[in-house]
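Asks: Here you go, one structure.
The values are calculated or read from the model by the stated rules, or taken from the named source; none is laboratory data. Everything numeric in this text was worked out from a predicted model, so none of it was measured. Methodologically, a virtual Cβ is constructed for each residue, glycine included, from the backbone with ideal geometry; neighbour enumeration extends over all protein chains shown. Surface areas here come from the heavy atoms of the whole protein model, side chains and all, with no ligands, DNA or RNA. Shrake-Rupley method; radii C 1.70, N 1.55, O 1.52, S 1.80 Å.
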Amino acid sequence: MIEVENLRIAHDGRAVVDGVSFKVEGGACLGLVGESGSGKSTILRALAGLNREWSGAMRLDGAALGPVRTPGFHRRVQMVFQEPLAALHPRQNVARQLAEPRLIQRLEPRDPVPALAEVGLGPELLGRYPHQISGGQRQRVCIARALMLDPEVLLLDEPTAALDAVVERHVLDLLARLRTERGLTMILVSHSLKTVRRMAGRVAVLDGGRIVETPTVADLDAARHPVTRRMVEAAIGYRRAA
Ligand SMILES: Nc1ncnc2c1ncn2[C@@H]1O[C@H](COP(=O)(O)OP(=O)(O)OP(=O)(O)O)[C@@H](O)[C@H]1O
Ligand SMILES: [Mg+2]
C-alpha cells in the first residue's frame, strides 16, 4: 500500500532523512521508532505531502507520488499530527473542525457525534474552541477528524502521547479495530514500545535519519542495534520500576 524508496530530506543543507526505504502492506501497521530528532516526523510529513523538498520515490497503492498531493490523496491518506494544538484551527470550534475535511472534499456532511464517541468524547465539546479543551481531548478531536473521511491509510505521529492510560487503551483499541474491520493501513510513530508492540507487526528503527533495522515486534527483544537495545532496556527498566 505504501512504498518509500531511498527517501532523502535535507534541512539547511543537512540530510535529516537519508536513504530511507520501507514498505507497508495493505492492512498492516508499521511502527516507526527512534530517538528524538531521528527523523520520524519528517518522514511522515513528507509522505503526507507537507514537505515538497525530498528526493527518492514514494508510492501509494503502486502509483508514484509527486511533490504535490491531490484532494483524492488526502481522502485516502490522513495524518494525525504530533502537536494537536498546532493542527487545529484556533478560531474554529470542534464541530467546524470535524466538518472541514468533508467540506473540502465536497462530500455529504456527516454527523460528527459518532466519530467523537468513538474516541470517547461527548457532544458537549462541539461548541468549544481548541483552547477550551484539554490536550488529550485535542488529540482525540484530531483522530476523530481524520476518521471523518473514512481513510484507507492513517499516518499517526505520537497519537496517544497526551492521553492517560485508560483513554490511550480506548483509542488504541479503536485503531486496532479499524485495522481489522476496515483493513486500514497505518504508520505509527511512538516513543512507547508498549504501544508499538500492541499495534504494529514490524518496526522500523531510525537513527540519525537512517533505518538501522526493521525487526518484527516479536523479534524486538532480540534486536541488536544499540538504539533498539536502549529502547527495549528502558522499557524493561520502566516495567520493573512500575
Ligand atoms: N523545518 C526544519 N528546519 C530545520 N531542521 C528541521 C526542520 N524540521 C526538522 N528539522 C530537524 O530534522 C531532524 C529530524 O526532526 P524530526 O522532527 O523528524 O524528529 P523526530 O524523530 O520526529 O523527533 P521527536 O521524537 O522529538 O518528535 C531534527 O534534527 C530536527 O531538528
Ligand atoms: Mg516528531
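Asks: Report, in debye and to the nearest 20, how large the dipole of the range 25-153 comes out about its Cα centre when Lys and Arg carry +1 and Asp and Glu carry -1 on their Cβ. Could the numbers behind the result be given before it?
Replies: Working: 16 positive and 12 negative charges, 78 e Å.
Computed about the Cα centre, the dipole is about 380 debye.
Asks: Using only Cα atoms, find the angle between the long axis of helix 135-147 and the longest principal axis of the chain, and express it within 0 to 90 degrees, rounded to the nearest 10.
Replies: So the inclination is approximately 80 degrees.
Asks: Tell me the angle of helix 94-104 to the major Cα principal axis of the chain, expressed in degrees between 0 and 90 and rounded to the nearest ten.
Replies: 80 degrees
Asks: To continue, here is another question. Put a dot 7 Å past each Cα toward the Cβ at R230 and D173; how far apart are the dots in nm?
Replies: Computed distance between label sites D173 and R230 equals 3.5 nm.
Asks: In nm, give the distance between the simple-model label positions of D219 and E5, each being 7 Å from the Cα along the Cα-to-Cβ direction.
Replies: 2.3 nm
Asks: Could you work out the helix-only [θ] at 222 nm for the chain, with each DSSP H run of four or more residues adding -39,500 (n - 2.57) and the total divided by the number of residues, to the nearest 500 deg cm²/dmol?
Replies: Value at 222 nm, helices only, nearest 500: -11000 deg cm²/dmol.
Asks: Accessible surface of S36 in the full protein assembly, 1.4 angstrom probe, to the nearest 10 Å²?
Replies: 120 Å²
Asks: Mind telling me which of D157, D173, D219 comes out most flexible in a GNM of the chain, alpha-carbon contacts under 10 Å?
Replies: Its mean-square fluctuation being the largest, the pick is D219.
Asks: Which value, in debye to the nearest 20, describes the size of the charge dipole of the range 120-242 about its Cα centre when Lys and Arg Cβ atoms bear +1, Asp and Glu Cβ atoms bear -1, and nothing else is charged?
Replies: 220 debye
Asks: Hey, another quick one. For the range 2-241, with the dipole built from +1 on Lys and Arg beta-carbon atoms and -1 on Asp and Glu ones, taken about the Cα centre, which of I187, G56, A87 lies farthest toward the positive end?
Replies: A87
Asks: Can you give the charge dipole size of the chain about its Cα centre, rounded to the nearest 20 debye, using +1 on the beta carbon of Lys and Arg and -1 on the beta carbon of Asp and Glu?
Replies: Using only the charged Cβ atoms, the result is roughly 160 debye.
Asks: Then there's this: Counting only DSSP beta bridges with both residues in the range 97-217, tell me the antiparallel percent, nearest 5.
Replies: That works out to approximately 45 percent antiparallel.
Asks: Calculate how many DSSP beta bridges within the chain are antiparallel, expressed in % of all such bridges and rounded to the nearest 5.
Replies: 55 percent
Asks: Next question. Leaving out ligands, DNA and RNA, and with a 1.4 Å probe, what % of the accessible surface on the chain is carbon or sulfur?
Replies: Carbon plus sulfur share of accessible area: 50 percent.
Asks: Could I ask something else about it? Considering the dipole of the range 2-241 built from charges on the beta carbon (Lys and Arg +1, Asp and Glu -1) around the Cα centre, which of V113, L175, L147 is farthest to its positive end?
Replies: Result: V113.
Asks: How large is Rg over Rh for the chain, taking Rg from the Cα atoms and Rh as the Kirkwood inverse mean of 1/r across Cα pairs?
Replies: My calculation of the ratio gives 0.96.
Asks: Still on this structure, please answer the following. What is the angle, in °, between the Cα long axis of helix 165-182 and the longest principal axis of the Cα atoms in the chain? Nearest 10 is fine, range 0 to 90.
Replies: The answer is roughly 90 degrees.
Asks: Through the Karplus equation 6.51 cos²θ - 1.76 cosθ + 1.60, θ set to phi - 60°, convert the phi angles of the range 195-209 into ³J(HN,Hα) values in whole Hz; use x for Gly and Pro.
Replies: 5, 4, 4, 5, 9, 9, x, 10, 10, 9, 9, 9, 9, x, x
Asks: Let me ask you something else. Could you work out the percent of alpha carbon pairs in the range 33-138 separated by over 23 Å, rounded to a whole number?
Replies: Numbers: 2276 of 5565 pairs.
It works out to 41 percent of all Cα pairs.
Asks: Whole number in Å², please: accessible area per residue of the chain, 1.4 Å probe, ligands, DNA and RNA not counted.
Replies: Value for the chain: 49 Å² per residue.
Asks: In addition: Pairs of alpha-carbon atoms within less than 8 angstrom and 6+ residues apart define the contacts here; what relative contact order does the range 1-55 have, in percent?
Replies: Working: 66 pairs, mean separation 19.9, N = 55.
Reported relative contact order: 36 percent.
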